[in-house]
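What follows is a set of notes on a single structure, which appears directly below.
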């Protein structure tokens with residue numbers, strides 16, 4: 001099981017350090033490492049709705065970290081692009097500059113003393129910046145935002161040259177990139193019967209899974225209906241861990257959720273081990289939904305969901 005693997009790995013590291021004669025030695029090579037900077041996300045709220053363009057906005061606040069308490073940051077700038085998922089990319093628009101905030105416009109976070117700023121993007125502003133109108137976009141498509149943090153010495157940091165831990169780990173929450181999907185009304189909440197053919201070649205037990213919409217439109221938590229208040233009981237593998245790792249194995253957990261953007265569904269967040277999931281195919285036939293999924297650890301499966309409320313699934317896809 002993964003839990004056993006990671007425990008043994010951690011133990012081997014601990015043994016290695018305790019057996020080392022130089023366990024107290026300093027690491028002078030640290031001084032030769034490049035010291036970077038990042039913007040830590042404090043708040044992020046809002047969505048883009050195809051059905052309410054004029055009132056759609058996303059509001060964000062961040063504070064800045066570097067070896068000089070954020071004072072080395074010169075500017076924080078953003079570009080936006082449109083990713084057309086409905087027409088095979090035919091109407092996609094390349095990245096365009098949309099916002100630059102210079103250090104002179106930063107304020108100070110009274111709680112931490114670090115440089116701080118808040119900003120936002122309205123959907124009409126984004127469309128205008130990209131030179132398109134509501135008639136040019138489709139529900140389920142995406143606006144992708146990417147940031148560049150520039151230091152006083154000219155060095156720049158983006159999602160491409162920043163470690164994944166800084167970007168994805170909660171203690172850091174480095175904000176260098178995010179996607180804003182064009183959302184529509186979503187109604188996928190319910191309790192479903194699911195069976196999964198797992199990557200190890202076996203079929204897991206038929207289980208019940210529940211999707212519960214969060215405060216964010218079209219974003220769903222996956223929970224165990226028999227243990228709704230126990231996040232560790234939620235099984236994002238939909239029964240696949242049992243045949244592959246054994247009964248009682250630690251489940252994916254983490255921040256994994258399902259996002260519905262105008263009937264295009266996708267997994268978001270990551271597991272307790274930092275794994276990212278992908279829905280490779282999504283097909284619907286009446287009350288049956290089949291999702292072929294995988295993650296970057298090499299696990300995957302084909303999960304078949306059957307509605308228990310006598311209704312059919314909407315025309316979902318990936």
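The values are calculated or read from the model by the stated rules, or taken from the named source; none is laboratory data. As the structure is a computational prediction, the values presented were derived from the model and not from experiment. Heads up, the Cβs are rebuilt from the backbone with ideal geometry, glycines too, and the neighbour counts pull from every protein chain shown.
Brief remarks follow.
- Condition met for residue 121 (touching a helix residue (DSSP H, G or I) at 6+ places or on another chain (Cβ under 6 Å) and under 28 Å from residue 186 (Cβ atoms)): no
- Selection count where residues are loosely packed, with under 14 Cβ neighbours inside 10 Å, assigned to a helix (DSSP H, G or I) and within 27 Å of the chain's Cα centre (by Cα), scope the range 99-132: 1
- Filter result for the condition that a residue is in the same structural domain as residue 146 (by TED's automatic domain parsing), within 17 Å of residue 131 (Cα to Cα), in a strand (DSSP E or B) and touching a residue at least 60 places away in the same chain (Cβ under 8 Å), over 80, 96: 80
- Positions within the range 181-212 being under 15 Å from residue 266 (Cβ atoms) and modelled with pLDDT of 95 or more, in sequence order: 188, 211
- Counted residues, the range 194-213 - those being under 18 Å from residue 258 (Cβ atoms) and in contact with a helix residue (DSSP H, G or I) (Cβ under 7 Å, 6 or more places away or on another chain): 0
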